[in-house]
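Data first, discussion second: the structure below is written as structure tokens.
The values are calculated or read from the model by the stated rules, or taken from the named source; none is laboratory data. Model, not experiment: these values are computed from the prediction. Note that we place each Cβ from the backbone using ideal geometry, even for glycine, and neighbour counts take in every protein chain shown. These accessible areas exclude ligands, DNA and RNA; they are computed on the full protein's heavy atoms, side chains included. Shrake-Rupley method; radii C 1.70, N 1.55, O 1.52, S 1.80 Å.
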Amino acid sequence: MEQEGKNIRNFVIIAHIDHGKSTLADRFLELTNTVSQNKLTPQYLDGMNLEKEHGITIKMHPVQMHYNDFILNLIDTPGHVDFTYEVSRALAAVEGAILLVDGIQGIQAQTLSNLQLAKEQNLKIIGVINKIDLDIHDLEKKKKELADLLNTTVDDIILISAKTGENVDLLLKKVVSEIPHPVIDEELPFRALIFDSHYDDYKGVIAYIRIVEGEIKKGEKIVFTVSKAKSDVLDLGYFSPELKSKENLKSGEIGWIATGLKDPGLVRVGDTVAKKLPIEVLPGYEEPKPMVFAGFYLAKGGQSFENFRYSLFQLKLNDSALYFTPENSEILGRGYRLGFLGMLHLKITQERLKGEYGLNLIITHPTVPYKVLLKDNKTAKIITNPSEWPRSDQILSLEEPWVKMEVITPTEYLSAILKLINSSRGEDIHTISLSDKLIITCQIPLEEVIKDFYDNLKSISSGYASLNYEISGYKKTQLEKLEVVLAGKTFESLSRIIFYKKAEREARNLALKLKEILPHQNYPVSIQVKAFGRIVARETLSALKKDVTASLYGGDRTRKMKLWKKQQKGKKRLLDQANLQVPPEVFLKIFSKSN
Ligand SMILES: Nc1nc2c(ncn2[C@@H]2O[C@H](COP(=O)(O)OP(=O)(O)OP(=O)(O)O)[C@@H](O)[C@H]2O)c(=O)[nH]1
Ligand SMILES: [Mg+2]
């Protein structure tokens, strides 16, 4: 029995974005005949449409392969910083990691951060340099750099081309010989860690599990230690990468179980599955803290709110970093405030809700969470929605989240990057060298990072600089709420919070933007943006006289005159103004322009 488990190798591929993880997985799938040649499209494991569209991995993807007498459970992981939670969960399910480095780019920010995560899990790490089919002029230096990073010798670093397959067989042999087999204990009661999940219309919640001890078979009863939910194992099996059924899953294996549970809220990633309670709970995962929030609302004529709610719970099964709570807006109606790990996470979520659930959604301006200390009760409150912002005379002090940021760049872009960091309120800036590159570390407000720091960094460094960041805590700050008043009426869902020094400029931009995108009315509409207790920006949206009569057929002059006269009547105008509607599309337009 024990012998069986010794044939298992569980490992991940980790790297910076685009360094070739999924392409390497293709070569493994090919080499092990897991996927037939005619089916093997590039980045085969990136099975989601969105992954293909964007050319990046968004989810971790487990797959089982057979190689000689070995069972290899590989988990491909995403490289983008917004999806690091996927990486960290995958790491907890395996014993080893291939750390892949693009030979042209060398070590990048997520190379370091993902390596750190793998070390924390005590994984066996194999260092690999990829893309050797390209002309890498300082290959020896790059080898040395990676060897130093891994505390090993250059002989230990494998050079491959995931594109041509060169040396990939060598790498696979090394995986088998160097990554330890899982600790096997089939005698102890069954315990497994849920590292991911998804919803299936027929089979209910499918939990992706790493079996730690014991064995589970089809038809047996299981219980989830956190929710205490009970179910039967309707089906179970392994990833091929699609779900393949088998009879049982044993200690050391990676697989899935179909629970039949229709309530997506009952199964949580990080929970321990057992056959009966009490049982010692496995360490699980730290809940990621959402750091970017935005209101999501259904566009008119779309699906029901109930559908929206259910879709969010279903999506959460497959994206455990997603946070949501109900909220209301005077313009947009009932909706949800969603929390994300970054702007790409937000964008991908919007696209998944549309593509997988058919939800057309309108999104309000994204914001970071602020800590507000009120004068009366002196307790700190986290505010993630500008409409809940207290009056300024009630505020004792304010704090905003800061991050520790690390930028890796070729030396020639140093001064441009320092300038960018400074104009983004960066502090505590240090620079150290990493062979022919520089690592710049600094503290910087999260709000600045999520805005357009990444795009600016990429453009000033011609794409060569990379960044990583982690929340370092809250710091005292001064913030202002920009309030939008249209035709004398405040529209809360258009308000936003901003660093006080940037408030006036942002207010002017906002007023101009609104002028550009608000539809003209029969009367002039005053656009005001308030901050610091006064109006800081003001524009007027002119009346569109043509519109009044445009719908009239022909040239009936007397009717037109009548309409113009009517339009001039002050009373009517006031009535119209009181009913001024902001169409939901305005949010889409504001959003797309500021990002
Ligand atoms: N020339 C060359 N290109 C490669 C090689 N490996 C990968 N690429 C290319 O690099 C790009 C990124 O490859 P992916 O496999 O998607 O990279 P990834 O690490 O999975 O990216 P993320 O999952 O988004 O982090 C693609 O255009 C690949 O064709 C290689 O060995 N040589
Ligand atoms: Mg990938």
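Residues in the range 216-239: is at least one free of Cβ contacts under 8 Å to residues at least 12 places away in the same chain and within 29 Å of Asp26 (Cβ to Cβ)? No; the residues of the range 216-239 include none that is free of Cβ contacts under 8 Å to residues at least 12 places away in the same chain and within 29 Å of Asp26 (Cβ to Cβ). Within the option set Tyr208, Tyr202, being open to solvent by 10 Å² or more (accessible area, probe 1.4 Å) and part of a strand (DSSP E or B) holds for one residue only, Tyr208.
Each row is one residue, and each column tells you yes or no for (1) free of Cβ contacts under 8 Å to residues at least 24 places away in the same chain; (2) surrounded by 21 or more Cβ atoms within 10 Å (Cβ to Cβ); (3) under 21 Å from Gln581 (Cβ atoms); (4) not hydroxyl-bearing (Ser, Thr, Tyr).
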{"site": "Tyr469", "(1), (2), (3), (4)": "no, yes, no, no"}
{"site": "Ser472", "(1), (2), (3), (4)": "no, no, no, no"}
{"site": "Lys476", "(1), (2), (3), (4)": "no, no, no, yes"}
{"site": "Val485", "(1), (2), (3), (4)": "no, no, yes, yes"}
{"site": "Gly488", "(1), (2), (3), (4)": "no, no, yes, yes"}
{"site": "Glu506", "(1), (2), (3), (4)": "no, no, no, yes"}
{"site": "Ala511", "(1), (2), (3), (4)": "no, yes, yes, yes"}
{"site": "Pro524", "(1), (2), (3), (4)": "yes, no, yes, yes"}
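For Lys244, the conditions (1) touching a strand residue (DSSP E or B) at 6+ places or on another chain (Cβ under 8 Å); (2) exposed (fewer than 14 other Cβ atoms within 10 Å of the Cβ); (3) closer than 21 Å to Glu280 by Cα are fulfilled apart from (3). Every residue in the range 490-504 that is open to solvent by less than 20 Å² (accessible area, probe 1.4 Å), in a strand (DSSP E or B) and among the hydrophobic types (A, V, I, L, M, F, W, C), please. Ile497, Ile498, listed by residue number.
Before we move on, is Ile179 crowded, with 23+ Cβ neighbours inside 10 Å and within 21 Å of Val87 (Cα to Cα)? Taking the combined requirement at face value, the residue does not satisfy it. Of all residues assigned to the range 36-46, none qualifies as being away from ligand 2 (no atom under 11 Å from the Cβ) and buried (at least 24 other Cβ atoms within 10 Å of the Cβ).
Glu51: part of a helix (DSSP H, G or I) and either more than 14 Å from ligand 1 (Cβ to nearest atom) or farther than 20 Å from Val128 by Cβ (or both), yes or no? Answer is yes for this residue.
Between residues in the range 346-357 that are in a helix (DSSP H, G or I) and residues that are open to solvent by 50 Å² or more (accessible area, probe 1.4 Å), which pairs lie under 7 Å by C-beta distance while being six or more apart or on different chains? So the pair list comes out as Lys354/Asn360; Gly355/Asn49. Exactly one residue out of Ile160, Ile126, Ile136 is modelled with pLDDT under 95 and open to solvent by less than 30 Å² (accessible area, probe 1.4 Å), and it is Ile136.
For the range 69-89, the count of residues that are surrounded by 20 or more Cβ atoms within 10 Å (Cβ to Cβ), away from ligand 1 (no atom under 14 Å from the Cβ) and within 19 Å of Leu171 (Cβ to Cβ) is nonzero. What number of residues within the range 17-31 are farther than 16 Å from Ser161 by Cα and either more than 12 Å from ligand 1 (Cβ to nearest atom) or in contact with a Leu (Cβ under 9 Å, 6 or more places away or on another chain) (or both)? Total meeting the criteria: 0. Out of the range 358-382, which residues are under 18 Å from Glu447 (Cα atoms), among the aliphatic types (A, V, I, L, M) and touching a residue at least 24 places away in the same chain (Cβ under 8 Å)? The answer is Ile363, Val368, Val372.
Close contacts from the range 37-53, counting a first residue that is touching a residue at least 12 places away in the same chain (Cβ under 8 Å) and within 13 Å of Glu351 (Cα to Cα) and a second that is surrounded by 11 or more Cβ atoms within 10 Å (Cβ to Cβ) and acidic (Asp, Glu), with Cβ to Cβ under 6 Å and a gap of 6+ residues or different chains, come to Leu50/Glu351. Scanning the range 549-557 for residues that are over 45 Å from the mean Cα position of the chain (by Cα), assigned to a loop (DSSP other than H, G, I, E, B), at pLDDT below 85 and of a type in the set (Phe, Trp, Tyr) turns up at least one hit. If you check Ile471, Ile421, Ile444 for being assigned to a helix (DSSP H, G or I), farther than 27 Å from Glu539 by Cβ and β-branched (Val, Ile, Thr), only one passes: Ile421. Just the residues that are of a type in the set (S, T, N, Q) and farther than 22 Å from Gly5 by Cα, please, taken from the range 54-69. Answer for the range 54-69, where residues must be of a type in the set (S, T, N, Q) and farther than 22 Å from Gly5 by Cα: just Thr57.
In summary, strands (runs of 3 or more DSSP E) completely within the range 56-151 and bearing 3 or more residues that are in contact with a Phe, Trp or Tyr (Cβ under 7 Å, 6 or more places away or on another chain) and in contact (Cβ under 8 Å) with a residue 12 or more places away in the chain occur at 61-67, 96-102.
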